[in-house]
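Input: a single structure, listed below in structure tokens.
The values are calculated or read from the model by the stated rules, or taken from the named source; none is laboratory data. All of these numbers come straight from a predicted model, not from anything done at the bench. So basically every Cβ, Gly included, is an ideal-geometry build from the backbone, and we count neighbours across all protein chains shown. The accessibility values were calculated without ligands, DNA or RNA, using every heavy atom of the protein model including side chains. Shrake-Rupley method; radii C 1.70, N 1.55, O 1.52, S 1.80 Å.
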Amino acid sequence: TFDSAGGSAVTAQSIEEGQKATKPADPTKANYAFAGWYSDSGLTQAFDFNTPISTDITLYAKWNEIINSVTATVTAPVGGEHPSFTVTVPDGAHYTAVVDTWYDLNNNGAHLTNSDTFVTGNEYQARIHFTANTGYEIANGASYTINGTPNYATFDTEEQRGMNFVATDPAVTPI
């Protein structure tokens, strides 16, 4: 039998001893992505449909909650600083975000290394990678907002977005 854990019903199968179950069509569940069939209710043992069946079993559906909206804030680069910035996401977000690459748009989009520094007035692009926490999945076509601006520029994967910044003058500390 199949326990779809609140998803659409999946018909039970009758299988002769020693034969294999047929993988059914994936069930559906609003706001969740199907993440496979498991042989235990704790969802720790993924079921292999090449396994011969020798007794009655129940398979359990695993689901990842869909994230439809992603938000992050990146600190704008400051002249003279090196390209290593922390990205923040809202409290309670079920994803993380990091700047994995900086590009110098005034230098033909050259990739910056950790030893490079930002030049005041130059334009840079940060490539930000978003990763869903365990039990969650970022939806294809999710809306991405970086520093309050909707951003749809996709890089190597669906979870990578970019934002352009102009390097500002370093802060001046009063004497």
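Based on what the data block shows, is residue 172 modelled with pLDDT of 90 or more, open to solvent by 50 Å² or more (accessible area, probe 1.4 Å) and part of a loop (DSSP other than H, G, I, E, B)? No: the conditions fail for residue 172. Out of 50, 68, one residue alone is out of contact with any Gly (no Cβ under 7 Å at 6 or more places or on another chain), in contact (Cβ under 8 Å) with a residue 24 or more places away in the chain, open to solvent by 40 Å² or more (accessible area, probe 1.4 Å) and assigned to a strand (DSSP E or B). It is 68.
Restricting 76, 97, 61, 110 to those that are touching a residue at least 24 places away in the same chain (Cβ under 8 Å), more than 20 Å from residue 147 (Cβ to Cβ) and among the small types (Gly, Ala, Ser) reduces the list to 61.
Within the bounds of the range 74-81, is there any residue that is on the phi < 0 side of the Ramachandran plot, within 24 Å of the chain's Cα centre (by Cα), in a loop (DSSP other than H, G, I, E, B) and at pLDDT 90 or above? There is no residue in the range 74-81 that is on the phi < 0 side of the Ramachandran plot, within 24 Å of the chain's Cα centre (by Cα), in a loop (DSSP other than H, G, I, E, B) and at pLDDT 90 or above. The conditions of being modelled with pLDDT under 90 and either at positive phi or among the aliphatic types (A, V, I, L, M) (or both) are met by residue 153. Please work out which residue is nearest to the chain's Cα centre (by Cα), limiting yourself to the range 29-47 and to residues that are surrounded by 15 or more Cβ atoms within 10 Å (Cβ to Cβ) and of a type in the set (Ser, Thr, Tyr). This residue is 32.
What is the residue count in the range 82-124 for residues that are assigned to a strand (DSSP E or B), of a type outside the set (A, V, I, L, M, F, W, C) and open to solvent by 40 Å² or more (accessible area, probe 1.4 Å)?
6
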